[in-house]
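Notes follow the structure.
The values are calculated or read from the model by the stated rules, or taken from the named source; none is laboratory data. Everything numeric here is computed off the predicted structure, so don't read it as measured data. With ideal geometry, Cβ positions are generated from the backbone for all residues, glycine too; neighbour counts draw on all protein chains shown. SASA here: full protein model, heavy atoms, side chains in, ligands and nucleic acids out. Shrake-Rupley method; radii C 1.70, N 1.55, O 1.52, S 1.80 Å.
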Amino acid sequence: LDGLEQGGRRTLKVVQAFAQSKMVVKNRKKRDSVGEDPRDVLLQSWDSTDLEMLDARFLASIRSQPSPLSDLISQPGSDADEVVSVSEASYPAPQEEAGSQGSNQDSQQEDGMPGPAQDVGLQLIKPELAAMLNDKPMARLAQMQKLAASLSEAGDLHGLLHLRRHMLAQCKVAQALWSVLPEGEDVLALSAAHYELALAYADVGYEPQALDHCRWALEELPRFDGSEPPPEAVKQLRKNVQMLRGEIMLNGKRPREQEALKCFLATEGASDLQGVQDPSTRIMCCQCQTKLGVTKLKEARAARAASLAIQDELALLREKVDLAWEKAERAREISSTPAILSTYAGKVVFDEYRNNKRKKRAQEEHQRFKEQEKLLLDAENEAQAEEEMEAELTAEAESLLNSSLDNLFDVTQAEENRLRERVGYSGSAKEHPLMVKLYRQLAHIGMHLAGVYGLMGPSKRKDQIRCLEEVLINHRAYEGLLPHPLVAKAYRELGAVLMEDKQYEKAHNTNSELFELQEKAYADKPASLDVARAECYKLKGNIYVAQSHLRRASEMYNRALELFSLRLGEQDQLVSDLGHRLHELREYTNSAGL
């Protein structure tokens, strides 16, 4: 675990991911015994779950920020060095308790402690209080903190949790003593103990308990009336607690991004991201905005899918309405012509029964038409509502992701400059753990923003191309920095958008770069490499079709079909679809004489 996150948090998620990876390996034993699965090339996915989230303690460790409880118990005069180990801390003997009662009674009276006439009950428990004070609770806490550091380094999360609970109990004992004997009181000890216990609960995945102790840590902080600013230690502890609360809400089993963002903004008393100055806090706020933007993007895509489904339904409803209108008109014409029963001596006798039946039929057909018309109107209103919802969601997603991208880019540039100027770091950005995560987050945000612009249509196509090109610029500048599925998806999407924008030469160049990328990635996997090549041939054929170069398109489709058939089998759906497309293309070229 130490090797997975150098200096960072060792959370339960790492352990769960390791266990999950073992299960995946176990489930794939049969497939691995046969060999590689070339379909993995086509099934490799990239989505928001691949975003490498940063947590507050990783940022703190990278930026060398200390632990608040360690600061408290290592202050000068805290008696931290007077005890060698926890087991060596001994309780005073009964005779010592009596002696201490007699020797310290006058001094405690002088320090303002109530005497026998003031509080008889207090006098009765003074021997026990004196014994507990002699046991030096803060010294025991110091030793417990050293043991906690050892457990943390060893990765014993549950042992650390158990110890933190004992430390909180020790702080509560000290707090009770200080309420009676305030000499040497530390007003932050209990709040810091709650915070450290919240960290321990968060590490093992007990989110509700962690949030409870964060709340209690904030409640135990001393209050100030505003006449003077709170001490720096109080502000720092409050910030740490709020950062932890936000982190749990952001990365928990049920993420609450909006509440997490409020917690991060509260660390600096800001109302929006522009008022946040601390780089670590800005990074966490950017992650909240990114997740909110991705959620809005998913909802917008769902609205688009619903709108398309309603459009299909509208086509059927329009046909039904037209048919109902024809039937209603025909029935009305028939009912307008009265049925004649007989004519005698110049008198016309009408068939009232048939006339009434015709009128009733006309009314029924008209009612059916009205019902179908109402269904059509409701569907049109629903389609319009979905379109408006999609436009609103895409606008919100664009705003959130743009804000996150701009702010995270500023933080990345500032951190890179800090590393080079202040820390003296001279290596490449992809060699530093913080810069690697920041650049990857920038790429993920850029991909999602490109997806937003894709939903907005041709008017935002230039912006979509720009976002995808920026992702690939970072890939070319720092080869190996970005994950392969993300880069491959960026090449595919950029080629498709360039083709739609009729920039065919650039689309061909992008496809060639994708071809080279896949050859490097699957150099040691022949079957996967053939499938990757076939995909590139197919994409190149699509570009030739858009250019109306149908002969060349047929050649590319033929190459793709051969490789797909070889590696995926003749019965594969992809092979069948591509064969059908190639057949239609050949028929068209032959009929057109091309």
Filter region 450-484 down to the residues that are open to solvent by 40 Å² or more (accessible area, probe 1.4 Å) and closer than 19 Å to ALA532 by Cβ and list them by number. GLU479, GLY480, PRO483, HIS484
Selection from region 183-224 of residues open to solvent by 60 Å² or more (accessible area, probe 1.4 Å) and of a type in the set (Gly, Ala, Ser) yields GLY184
Filtered residue count, region 518-560, keeping only those that are closer than 15 Å to GLY495 by Cβ and either touching a strand residue (DSSP E or B) at 6+ places or on another chain (Cβ under 7 Å) or touching a residue at least 60 places away in the same chain (Cβ under 8 Å) (or both): 3
Given the conditions (1) open to solvent by less than 50 Å² (accessible area, probe 1.4 Å); (2) closer than 30 Å to GLU247 by Cβ; (3) in contact with a helix residue (DSSP H, G or I) (Cβ under 6 Å, 6 or more places away or on another chain), report the number of the one that ASP278 does not fulfil. (3)
Among the residues of region 467-481, which ones are over 17 Å from GLY495 (Cα atoms) and either touching a residue at least 40 places away in the same chain (Cβ under 8 Å) or not small (Gly, Ala, Ser) (or both)? ASN474, TYR478, GLU479, GLY480, LEU481
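Condition first: at pLDDT 90 or above, open to solvent by 20 Å² or more (accessible area, probe 1.4 Å) and of a type in the set (Val, Ile, Thr). Can you find one or more residues in region 487-502 that meet it?
No, every residue in region 487-502 fails to be at pLDDT 90 or above, open to solvent by 20 Å² or more (accessible area, probe 1.4 Å) and of a type in the set (Val, Ile, Thr).
Looking only at region 473-481, decide whether some residue is small (Gly, Ala, Ser) and within 30 Å of ASP572 (Cβ to Cβ).
No; the residues of region 473-481 include none that is small (Gly, Ala, Ser) and within 30 Å of ASP572 (Cβ to Cβ).
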At pLDDT 80 or above and open to solvent by 80 Å² or more (accessible area, probe 1.4 Å): which single residue out of LYS370, LYS430, LYS347 fits that description? LYS370
Out of all the residues in region 188-197, is one or more modelled with pLDDT of 90 or more, charged (D, E, K, R) and closer than 27 Å to ASN251 by Cβ? yes
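Inside region 233-269, can you point out the residues that are outside any helix (DSSP H, G or I) and either surrounded by fewer than 16 Cβ atoms within 10 Å (Cβ to Cβ) or within 16 Å of the chain's Cα centre (by Cα) (or both)?
Just the residues of region 233-269 that are outside any helix (DSSP H, G or I), to begin with: 252-256, 267-269.
Selection gives GLY252, LYS253, ARG254, PRO255, ARG256, GLY269.
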